[in-house]
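Heads up, the thing below is written out as structure tokens.
No lab work stands behind these numbers, since they all come straight from the coordinates. Source: prediction; values computed, not measured. Cβ coordinates were reconstructed from backbone atoms using ideal geometry, including for glycine residues, and neighbour counts include every protein chain displayed.
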Amino acid sequence: MLHTGQESADGAGGGDLAVPMAWLYAEYIADELLRTGDLMPPTSFEFRAGRDALALTIFLSDTDGELSGIRVVTQLETWLSLTAYDQPWQDWVGERMAELAAETAKADTPSPDLALAADAWRWLEETELLAPDLDAVPGGGPVIGEDDGPKVWTPAWRLGLPLGHLAIHLF
């Protein structure tokens, strides 16, 4: 969904301004789902990881090129299946990003939506967050509170993906 303006800021005809509406809308939907779930403060890195992972899922699953506000509820099951624990989400994102990049190169027009999605994906892959070690051996010792358990540095997408999935369930 690409909207372009026909006039420059001074009112004279000029170059087109491409607005990344599809990405911004996907990010808005993801933000609303996470805020509704009230899983963590919106100012936290964990919230950003969940929002970006969910926005990528929403943006990349839109194969028709138009996110419709009316269709959001009908897409929840698709997003749930894509973000499920046993799905190869990281591979799927890589494949869809490559497909969209190839389509953009073929059309020879820049895609601000794809650029923002690529930035989000890069952040999710390169950023590590300190999180509870969910793979720790059970019974390894007494754990009093959640802050007392073993922690591990985790790629942001590994933390954001289950948060996004849970937010969809809570919606």
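Between amide H atoms placed 1.01 Å from N, distances below 5 Å from ASP133 occur with LYS151, VAL152, all of them 5 or more places distant or on a separate chain.
Karplus-derived 3J(HN,Hα) values for the stretch 28-37, using 6.51 cos²θ - 1.76 cosθ + 1.60 with θ = phi - 60°, are 5, 4, 4, 4, 5, 4, 5, 5, 5, x Hz; glycine and proline are entered as x. Checking every one of the chymotrypsin sites (Phe, Trp or Tyr not before Pro) in the stretch 22-113 against DSSP loop status and a limit of 11 other Cβ atoms within 10 Å picks out TYR85.
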